[in-house]
Amino acid sequence: MTIKIKHIIFLVILLITISAQKSFSQQAVLRGFVYDKETGEPIIFTNVYFKGTTIGGSTDQNGFYNISKINPGTYTLMITSLGFDTLREDITLKANDIITKKLNLTRSAVNLSTINISAKNEDARNDVQMSVTKATPREISQVPSVGGQPDLAQYLSVIPGVIFTGDQGGQLYVRGGSPIQNKVLIDGMVIYNPFHSIGLFSVFDMDLIRNVEVNTGGFNAQYGGRISSVMDITTRDGNKNRFAGKVGVSPFGAKMLFEGPLGSRKDKKASSSSFIFSAKNSYLQETSKTIYSYVDTAGLPFNYLDLYGKLSFNSENGSKINFFGFNFDDKVHYEGISDFHWQASGGGSNFVLIPSSTAMLMEGNFSYSKYKIGLEEVNSAPRTSEINGFSLGFNFSYFYGKNTLNYGFDVLGFKTVFNFYNSVDRKIEQNDNTTEIAAFLKYRISKEKFVLEPGFRLHYYASLSNASPEPRIGIKYNLSDRLRLKASGGMYSQNLISATSDRDIVNLFYGFLSGPDNLQEEFDGKPVTHKLQKATHGIFGFEYDLFAFIELNVEAYIKNFNQLTNINRNKIYDDNGDNYEKPDYLKKDFIIEKGVAKGIDVSLKWETRKFYFWTAYSLGYVNRYDGIITYNPHYDRRHNVNLLGVYRFGKKLKWEFDARWNLGSGFPFTQTQGFYNNVNFNNGIGTDVSTANGDLGIQYSEYNKARLPYYHRLDFSLKREFELKKKAKLEVVVSATNVYDRNNIFYISRTKQEPVYQLPILPSIGINLTF
């Protein structure tokens, strides 16, 4: 029987191979890369097509294009991209040709009166694009910059479904998922903490970024190991033709970026190599003592230093390999109260390979990174957490006309070290080594008005001896050129959990743990069959182009968190034989929960050459159940509104005014009912409770039954660009955060019963020199 099954499988594979070969017989393939002629940087998401036909496509985040199943003949190849002259080139294709062609675009000297969005529209028709936001540095820079430097953290807070809990130590929550459930990648490498302690800044230099893709849910099988969202960042290569750079300074911090070719490059069509290096730091703790002394006379205790470097080597046909490394450092020092610090570092390599004899694209990456975090507080035991490990991945893509087959595999190995004391001084510690192996397959079928993208991922967690089969699906139907229906869903799993409870309102300490195998055997009256965290996503929506430059996107979603693992803040007893009769929720280090996040996200974009407007509204509901109570987590924001406007004006549009207003309903919090003398019985049974001085005890109300007031904030920035010479310019940015100085409550102090506010108005001026 086994032999017959093997024969059947072999026959199926053979038939598929033969049919694929027949489909390509007598037809040609044209592929390659599109570059900026001035810098050698790939040009992403731009049209590549044959004039007078419907044959074509658009470039990806590497500038790669692929046009397959082309009948033999002579064609006029057209490449159009905003800010560049249109390229026309005649090309003759013969039967069975597989031609790799690099194309270079010249920057346009003519300012167009309209925005070319045809490549975007083409992707909208041929890709599912469910719950995906793609952003380039141009789009990120349109969000008002704090301290004169645009930052990814400020852009992410505008995306529908994304919630930030605070300006001071706030975390990122995506459609009901906690930060540990968000995967962040840069050039294929995992970044464990993408945001600095002051919530206004990320660890990434915006001038390094080529593209950001944020998947808020329903992502397909190429991503795994997280149950809520994925943010995939691609950095750009260094300038391949000349030495260039940028320096900037503001009251918040300074930055510098340098890039250029490695050696001379005489023939721009031949192979090339380049470097790029970025450093940015904050000295806000020092400058705030004078400039922003009204916030805190002791200064704002936030400092950081971020370093990132990259070497790129490109072959003549466009294949490339990169080597990169980073070091991110963050420190918060509250005099006489606490010291918080984390440090992340790592390095790796990724590559893009184009075999000459087949219509395939091969990508791969290998990296190693580590993240260590510590918190020392007065009258409390120190907390530490560390994670370090490697990741390895390969991705193969085959192109069949507008259809694409992707498959690949990932291998991850990491170690976690954790030491923590809970509220009753019970120590929780973990030292664990974990290995994860995953394989995935997805196939995009694009036919007339219909796009179907089924996928499947098999993820094996060795430390827990659990395998997770995860089907995924994405669907789009083009009702017309202007109206498109779409849906996606799938099953997701992860091992990593947070070193802090999701019930903590404010906690800078955010370490990582491997999912424990010593969990309770039953939850909610049912046996626990696995040790993983799992979720199921379901999303439905539509896109509608109201006018030529106005896009409406509506998505309704549900994330069913079937099983979650949370640190047990109620642990009182040791988990040993002496306490076998005690309930699990009083003795286990970790507990199981489940929950649901559901809502609707609506966004409207209007873009012309001078004006850009983006409004987003999110309605969301998030709840959790721990087997005893059902509660709303502290990031359950019911209503969230963002309005972003950009206006460019003046001669050659050298002036730009950006404004962003955010309105959010209040977060849940637990009220304090009263205080009492919490006697610790140091003298045992002989303790005299009538005279003993204990600690301050707090009597809490029902968990998270109250709501804070509404939050709203207005930010703006005004930019003016000055041309110093042909390849040098100076930019001056005047900006302000919380323009009308709104007293937004961060949290309410338990002991003093006083509100602690978010940041007040913070004006700044920044200067950036690009050369």
Out of the residues in segment 608-657 that are over 30 Å from Lys526 (Cα atoms) and among the small types (Gly, Ala, Ser), which is surrounded by the fewest Cβ atoms within 10 Å (Cβ to Cβ)?
Gly650
Select, from Lys402, Lys427, Lys449, the only residue that is farther than 30 Å from Lys587 by Cβ and at pLDDT below 85.
Lys402
Of the residues Asn642, Asn560, Asn568, Asn579, only one is touching a residue at least 60 places away in the same chain (Cβ under 8 Å) and farther than 30 Å from Arg138 by Cα; which?
Asn568
Check segment 35-46 and report whether any residue there is farther than 24 Å from Leu208 by Cβ and either open to solvent by 10 Å² or more (accessible area, probe 1.4 Å) or part of a loop (DSSP other than H, G, I, E, B) (or both).
no
Within segment 249-302, count every residue that is within 30 Å of Ser315 (Cα to Cα) and either in a loop (DSSP other than H, G, I, E, B) or within 26 Å of the chain's Cα centre (by Cα) (or both).
19
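Pick from segment 253-268 the residues that are farther than 24 Å from Asn350 by Cβ and modelled with pLDDT under 90: which of them is surrounded by the most Cβ atoms within 10 Å (Cβ to Cβ)?
In this case the residue turns out to be Asp267.
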Across (1) among the charged types (D, E, K, R); (2) open to solvent by 60 Å² or more (accessible area, probe 1.4 Å); (3) touching an Asp or Glu at 6+ places or on another chain (Cβ under 7 Å), Lys594 clears everything bar (3)
Within the bounds of segment 379-391, is there any residue that is part of a strand (DSSP E or B), under 30 Å from Ser272 (Cβ atoms) and among the aliphatic types (A, V, I, L, M)?
no
Restricting segment 349-378 to residues that are outside any strand (DSSP E or B) and among the hydrophobic types (A, V, I, L, M, F, W, C), the residue that is farthest from Lys69 (Cα to Cα)
Val378
Which residue pairs have Cβ atoms closer than 6 Å, lie 6 or more positions apart in sequence or on different chains, and pair a first residue in segment 441-457 that is surrounded by fewer than 16 Cβ atoms within 10 Å (Cβ to Cβ) with a second residue that is outside any strand (DSSP E or B)?
none
Subset of segment 126-164, residues part of a loop (DSSP other than H, G, I, E, B), open to solvent by less than 20 Å² (accessible area, probe 1.4 Å) and among the β-branched types (Val, Ile, Thr), comes to Val128, Val143, Val158, Ile159
Residue ID - farthest from Gly599 (Cα to Cα), chosen from residues in segment 658-671 that are open to solvent by 40 Å² or more (accessible area, probe 1.4 Å) and either out of contact with any Lys or Arg (no Cβ under 8 Å at 6 or more places or on another chain) or not in a strand (DSSP E or B) (or both)
Gln671
Scan of segment 468-490 for residues that are hydrophobic (A, V, I, L, M, F, W, C) and either surrounded by 16 or more Cβ atoms within 10 Å (Cβ to Cβ) or closer than 17 Å to Tyr407 by Cβ (or both), ordered by number
Ile473, Ile475, Ala487
Can you work out which of the residues in segment 219-238 that are open to solvent by less than 10 Å² (accessible area, probe 1.4 Å) and in contact with a Gly (Cβ under 8 Å, 6 or more places away or on another chain) is nearest to Lys183 (Cα to Cα)?
Ser229
Suppose the filter is open to solvent by 50 Å² or more (accessible area, probe 1.4 Å) and either modelled with pLDDT of 90 or more or not in a strand (DSSP E or B) (or both); does Arg750 pass it?
yes
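For (1) among the hydrophobic types (A, V, I, L, M, F, W, C); (2) more than 23 Å from Val352 (Cβ to Cβ); (3) touching a Phe, Trp or Tyr at 6+ places or on another chain (Cβ under 7 Å); (4) at pLDDT 90 or above, each residue gets a yes or a no:
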{"position": "Gln21", "(1), (2), (3), (4)": "no, yes, no, no"}
{"position": "Gly32", "(1), (2), (3), (4)": "no, no, yes, no"}
{"position": "Glu38", "(1), (2), (3), (4)": "no, no, no, no"}
{"position": "Thr46", "(1), (2), (3), (4)": "no, no, no, no"}
{"position": "Tyr49", "(1), (2), (3), (4)": "no, no, no, no"}
{"position": "Ser68", "(1), (2), (3), (4)": "no, no, yes, no"}
{"position": "Ile79", "(1), (2), (3), (4)": "yes, no, no, no"}
Note on segment 203-219: residues outside any strand (DSSP E or B) and within 22 Å of Thr536 (Cβ to Cβ) are Thr216, Gly217, Gly218, Phe219
Give segment 230-248 a look and list any residue that's outside any loop (DSSP other than H, G, I, E, B) and out of contact with any Leu (no Cβ under 6 Å at 6 or more places or on another chain), or say none.
Val230, Met231, Ile233, Thr234, Ala244, Gly248
For segment 732-747 the number of residues that are part of a strand (DSSP E or B) and open to solvent by 50 Å² or more (accessible area, probe 1.4 Å) is 2
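The values are calculated or read from the model by the stated rules, or taken from the named source; none is laboratory data. This one's a predicted model, so the numbers in the text were calculated from it and none came from an experiment. Glycine also receives a Cβ, built like all others from the backbone with ideal geometry; neighbour counts cover every protein chain displayed. Just the protein is used for accessible areas: all its heavy atoms, side chains included, with ligands, DNA and RNA removed. Shrake-Rupley method; radii C 1.70, N 1.55, O 1.52, S 1.80 Å.
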